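Let me begin by presenting the structure, written as structure tokens, before commenting on it.
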């Protein structure tokens, strides 16, 4: 999905939600920069985090949080729910805290994956390395890695600050904190499982599907929707309906991401098309390729995937094998099946029509995206 603007419907102003989230981030970062200056703290931490946050990004999680609030708000307009009112400021700030948490995850993820670019710009550890290059390459790289850990930690701490200063009631906080805690735990375990599997790809589909469920589906789609709905007072039954929609869609979203990581254009995705292959990411795409490959194809995949010196010729060889074995089409079929499951969940959902409409549109754009 290239932008939340593409999801706009007549019933919900998603571009307005994105602008509100960006405004909240901007105000908060101005505040933190001023506080740092007052205490004579280094300015580059806030500056680099600001550059990272505003270099792009879909604002998917805060948008879904706001949509979740509208699914459960229960005060649709007189037109029968074909349009919905504005999202309250406290809900917007709580949603913004999810974007700050996402920054924490990405900064650490890029460091663990040794990624050079994110959203078409240097990753935080690379940006910090460049900032300190005057100290010499070795020292600068150490400062870049260590500094990125700390900037990520700041984003984690600031996500908490955004949440707790959002103006939520005590009841709202008590309701959403268990969901936020669960989300954080799930994504950490998902990342750890991903690390354990990286570099030793196999034909086992169970491992990458488990990673997808915890690292993406729950964290990217399910929990943000549930957090927003819980802020509006949703009960367990409605949260379960959101899960029935969110989990297959989140899995389809990551399956598309895995395809783009190998076949996408770096100019569009903002990331190298070689990183996942050089790292030996154990994806569903690669597992299907290994399952369906003949002996020579399997040997080629095992030789090329995970080679840190892999070049474009080698990558093209991998791509041709994944296409020839039907692995690419297999992933496309899985995406289609999961999108269908998400639509079927919406058929049974008791949401206002405008909220249902935007979730249907999201199911399409999130799975047919090119970046």
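No lab work stands behind these numbers, since they all come straight from the coordinates. Bear in mind the structure is a predicted one, so any value in this text is a computation, not a measurement. Note that each Cβ is placed from the backbone with ideal geometry, even for glycine, and that neighbours are counted across all protein chains shown.
In nm², what is the average projected area of the convex hull enclosing the Cα atoms of the range 197-337?
9.1 nm²
How large is the helix-only mean residue ellipticity at 222 nm for the chain, computed as the sum of -39500 (n - 2.57) over DSSP H runs with n ≥ 4, divided by its residue count, in deg cm²/dmol to the nearest 500?
Value at 222 nm, helices only, nearest 500: -22500 deg cm²/dmol.
Using a 10 Å cut-off around each Cβ, can you sort 192, 219 from fewest to most neighbouring Cβ atoms?
Ordered from fewest to most neighbouring Cβ atoms within 10 Å, 192, 219 come out as 192, 219.
Going from the alpha-carbon gyration tensor of the range 17-65, what semi-axes, largest first and in whole Å, does one get by taking the root of 5 times each eigenvalue?
For the range 17-65, the ellipsoid semi-axes come out as 24, 11, 7 Å.
Work out how far the C-alpha atoms of the range 4-365 reach from end to end along every principal axis, then list the three figures in whole Å, largest first.
Extents along the principal axes, in whole Å: 64, 56, 31.
May I ask for the distance between the Cα centers of the range 202-223 and the range 130-170, given as a whole number of Å?
If we compute the Cα centre of each part, the gap is 26 Å.
So if I average 1/r over every pair of distinct C-alpha atoms in the range 258-352 and take the inverse, what Kirkwood radius in Å does that give?
About 14.5 Å for the range 258-352.
Quick one: order 119, 61, 19, 135 by neighbouring beta-carbon count within 10 Å, fewest to most.
Neighbour counts put them in this order, fewest first: 135, 19, 119, 61.
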